Every structure is written in structure tokens, then in C-alpha cells.
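Beneath this line is the structure, given in C-alpha cells, with notes to follow.
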Amino acid sequence: MNFEDYKKKALQDPEVKESYYNYEIGNLITLARIEKNIPQKKLAEDLGVASSTISKIENGHRDCKIRELRRIAHALGKELKISFVDPKEENDK
């Protein structure tokens, strides 16, 4: 079984799927932060949260509300974009 087949099968489990999406969101935040050369500590200070909070978000260990994601995006000089996709399209990835 290749990785993509394994991923499709694993993402059928709701708990795995939620954890994976939290990881993806955290990864996007990490990449944007690194792109802007902003340390976790500075981002945390700008948002008024603990550095550990940013670490948990980036590592997929903490859920974020949309409001929080908007604040993070703004602090990173980005806009938050959310879209709805057909589940078939999502499963084809």
C-alpha cells in the first residue's frame, strides 16, 4: 500500500481526520511564520498568548476558532481564506 492509499484509508476515521486537519492548519501557520522570519515567541507576543499556545497550534495539538485563525493570519501579514469543496474532490487528493 502506498502512502496516498494509506492516507485515504486513515482519513476515514473521524478522529484521525480531525487530527490531520489540525496538523495541516498548524503546518500552514508554521510555513507562513518562517516565510516572514517571525519567531514563535514574537508571534505569541503580538497575539497576547503564551509561546506554548503557538507551539501547540503549529503542532496540531490545539484547535483554533476562526477568529483566532484570522488574528494569526493578520499577525503574519496574511488573509484567512476558507472554502468548501466537494467531498469527492477532497478524497481525490
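The values are calculated or read from the model by the stated rules, or taken from the named source; none is laboratory data. Please read all numbers here as calculations on a predicted model, not as lab measurements. Positions of Cβ are backbone-derived with ideal geometry, glycine not excepted, and every protein chain shown enters the neighbour counts. For the accessible areas, the whole protein counts, side chains as well, though only heavy atoms, and no ligand, DNA or RNA atoms are used. Shrake-Rupley method; radii C 1.70, N 1.55, O 1.52, S 1.80 Å.
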Among ILE29, HIS74, PHE3, which residue has its Cα positioned farthest towards the positive end of the charge dipole of the chain, with +1 placed on the Cβ of Lys and Arg, -1 on the Cβ of Asp and Glu, and the dipole taken about the Cα centre? HIS74
If I take all pairs of Cα atoms in the chain, what percentage of them are more than 21 Å from each other? 38 percent
Percent accessible area from carbon and sulfur atoms, the chain, protein chains only, probe 1.4 Å: 52 percent
Just the number please: accessible area per residue for the chain, 1.4 Å probe, all protein chains included, in Å². 78 Å²
Under the rule of -39500 (n - 2.57) per DSSP H run of 4 or more residues, summed and divided by the residues of the chain, what mean residue ellipticity at 222 nm is obtained, to the nearest 500 deg cm²/dmol? -19500 deg cm²/dmol
Per the rule of 0.36 nm per residue minus the C-alpha distance, extending ASP46 to LEU80 adds in nm 10.5 nm
Which whole-number percent gives the relative contact order of the chain, counting Cα pairs below 8 Å spaced six or more residues apart? 27 percent
